[in-house]
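Here's the structure we're looking at; comments come further down.
Every number here is computed from the coordinates shown, using simple stated rules; none is lab data. What you see is a predicted model, and the numbers here were worked out from it, not measured in a lab.
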Amino acid sequence: MEAHGAGLRRVILLAFCIAGIWAAYIYQGVLQETLSTKRFGPDGERFEHLAFLNLAQSVVCLIWSFMMIKMWSSSSGGGAPWWSYWSAGITNTIGPAMGIEALKYISYPAQVLAKSSKMIPVMFMGSLVYGIRYTLPEYLCSFLVAGGVSTFALLKTSSKTISKLAHPNAPLGYGLCFLNLAFDGFTNATQDSLTARYPKTTAWDIMLGMNLWGTIYNMVYMFGWPYGMGYDAVQFCKQHPEAAWDILYYCLCGAVGQNFIFLTISRFGSLANTTITTTRKFVSIVVSSVLSGNPLSTKQWGSVAMVFSGLSYQIFLKWRKLQKVQKKRKNN
């Protein structure tokens, strides 16, 4: 009976994590697309300073992680020092900024699908930095994801979607997404290196260190000179308070989402988190298409299916590998 109760509590907690991740990031995706396409005020001005979202997100997540460490962390030190995150902080600052900037040139569903191919630069960085060798099935997953993204990118975007974009230019948009993924690959490799060197590093420590450097770099970039982009963004928010509220909601969604992600990883492992975030991306595409009144074509859905077939196969491979490791531990 006690085991049954513990199992039920785990199921309820997992459902809670799934609901939290989906709600936070799907709504954040809606807000991100709204900020990139919405017209504010009687003059119909667009919020052109999308990179400002990066700074706002870093500040909110920095405050959030500091609060979580003070309230919940029982660590007595020994984690990675704050200065060790400086290099990952650079790529983690530039990468998301490029991803957000890409929304000026491609639609949100296209960006979500392109960013689903994150496994490709991660594999590349893993081979380059750590000399990791991958299996044929893992390369097959990459082929399915890359092929689906490429096909989706080559399909013509509707005139309705193009009219919502500030400066439609698909090649530039996908190029920014690729650079975003490449920087993410380096960021993940550096974080893995830090946790390997400092085993006592907690998820909140990583979140604090990354967002601390992200805030520093973004502050310099946004306000480091008299005519920095940050001044224009602040002035726009003063003139259009509605945009400021959208930005705040966007940042809070990101902070809440990171909270549920860290909770999932700590209680259920990274495989469960990968499964949840993968399915969330699919739902994001559906929600965005419905809300924009621009449903995907049959060929586009075929590309989506190709990408998520590759991602699902990747999850299966990770699950099978985990089962083998656990079985080996039991035998020993």
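Values as computed for the structure displayed
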{"item": "Restraint check, K200/K327; K299/K321; K70/K200, Cα-Cα greater than 22 Å", "result": "K200/K327; K299/K321"}
{"item": "Full-extension gain in nm, L248 to F16, via 0.36 nm per residue minus C-alpha separation", "result": "81.2 nm"}
